[in-house]
1. Any idea which of 145, 162, 204 is open to solvent by less than 60 Å² (accessible area, probe 1.4 Å) and either part of a helix (DSSP H, G or I) or modelled with pLDDT of 95 or more (or both)?
2. Answer yes if at least one residue in region 270-285 is assigned to a loop (DSSP other than H, G, I, E, B) and in contact with a Ser or Thr (Cβ under 7 Å, 6 or more places away or on another chain), and no otherwise.
3. Can you work out which of the residues in region 247-285 that are hydrophobic (A, V, I, L, M, F, W, C) and open to solvent by 70 Å² or more (accessible area, probe 1.4 Å) is modelled with the lowest pLDDT?
4. For region 33-56, how many residues meet the condition of being touching a residue at least 24 places away in the same chain (Cβ under 8 Å) and open to solvent by 40 Å² or more (accessible area, probe 1.4 Å)?
5. Right, residue 105: open to solvent by 30 Å² or more (accessible area, probe 1.4 Å) and of a type in the set (Val, Ile, Thr) or not?
6. Considering only residues of region 12-23 that are in a loop (DSSP other than H, G, I, E, B) and open to solvent by 30 Å² or more (accessible area, probe 1.4 Å), which is modelled with the highest pLDDT?
7. Can you tell which of 26, 9 is in contact with a Gly (Cβ under 9 Å, 6 or more places away or on another chain), at pLDDT 95 or above, in a strand (DSSP E or B) and aliphatic (A, V, I, L, M)?
8. I'm checking my understanding of the structure. Among residues of region 150-159 that are without any contact (Cβ under 8 Å) to a residue 40 or more places away in the chain and open to solvent by less than 70 Å² (accessible area, probe 1.4 Å), which one is farthest from residue 281 (Cα to Cα)?
Amino acid sequence: MNKKKDYKILVVVYGFLGDALLSQPIAERLKTEHQATKVDFLVGFPQTQLLLEQNPNIDNVIISSIFSQCPNPHHISHLYDEVRIVENYTGNTPLTIHHQISAGVRTPTLGYEVYTVPEYDNLVQNQLKELDSRPVVGIGNTWKVNPTTTYDINPLSEALEVDYNVMVIGHPPNISHHQIINLGNPQETFAYMASVCKYLDLMVGCEGGLTNLAAGVGCTVLYTTDFMYALAGPQGTHYQNDDPTKLIGPKAYFPNSPHIQLPPNITVGNYIESIVPKVNDFFNM
């Protein structure tokens, strides 16, 4: 490594919430491997800033001056000894491994950890005290079938409310990262959602940013894979894999965990009768 006292690397993270979460191990690995003494992250949207700032291995989180899933570091690159870009996924290795390798990590690790805001943890714990003693199940609000279609989560929420406390997590499907969320309201931030997931008994949703958020704070996740297969299955629109569940999703990143992945034939037409028994089985184990 460079002989200077400090060697600063800027990590440029492409993508949205899930990519930011799964890129976090880069900071720890670069420091452990003595490639850097300071690691900053440049991300394309402000919604992930507070969440990433909780990671003790990331020194600074910088938001792109122009919101973009491919932030450009040109205006700050001169402040660093190196700039490393977390390139778009190629579909050949687990997503966490790919992100680390693309950023120059020599010995990548499979899992990742999401750090929460202590103040938000306290707020959520007080919020949960108002519920009854039944288990608390979270449902991801943005639940995709494919890139253009989402599930209506209301029927599932109503079915689960018979036996469980249900909390809907996430922004409505029509809210994109390009739209400015009211970051002054803690409950609209991903950081607050992370604290909620931390105290859930189970999170239910499709594979994506919210279920990866829940898995990262240690919550067990039950997730559908039809969206994953639409993107990366044998006839995927982005990558082609016989079994993308080995590369993407909580069970891929945490193979020894109790996470539950459902087969890709769970669809809008049968998802309630498929998921509710799985939830019941989980709590009756």
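1. Numbers: 145 fails: either part of a helix (DSSP H, G or I) or modelled with pLDDT of 95 or more (or both); 162 fails: open to solvent by less than 60 Å² (accessible area, probe 1.4 Å).
Exactly one of 145, 162, 204 is open to solvent by less than 60 Å² (accessible area, probe 1.4 Å) and either part of a helix (DSSP H, G or I) or modelled with pLDDT of 95 or more (or both), namely 204.
2. Step one: list which residues in region 270-285 are assigned to a loop (DSSP other than H, G, I, E, B), which gives 270, 284-285.
The next check asks that each one be in contact with a Ser or Thr (Cβ under 7 Å, 6 or more places away or on another chain); those that pass are none.
Within region 270-285, none of the residues are assigned to a loop (DSSP other than H, G, I, E, B) and in contact with a Ser or Thr (Cβ under 7 Å, 6 or more places away or on another chain).
3. Looking at the filtered set, the residue picked out is 268.
4. Step one: filter region 33-56 for residues touching a residue at least 24 places away in the same chain (Cβ under 8 Å), giving 33-48, 50-52, 54-56.
The next check asks that each one be open to solvent by 40 Å² or more (accessible area, probe 1.4 Å); those that pass are 34, 37-38, 50, 54, 56.
Adding up the residues that qualify gives 6.
5. On the way: open to solvent by 30 Å² or more (accessible area, probe 1.4 Å): no; of a type in the set (Val, Ile, Thr): yes.
No, not satisfied.
6. 14
7. 9
8. Taking the candidates together, the pick is 150.
The values are calculated or read from the model by the stated rules, or taken from the named source; none is laboratory data. If you're wondering where the values come from, they're calculated on a predicted model, not measured in any experiment. We place every Cβ from the backbone using ideal geometry, glycine too, and count neighbours over all the protein chains shown. In case anyone asks, the SASA skips ligands and DNA or RNA and just uses the protein heavy atoms, side chains included. Shrake-Rupley method; radii C 1.70, N 1.55, O 1.52, S 1.80 Å.
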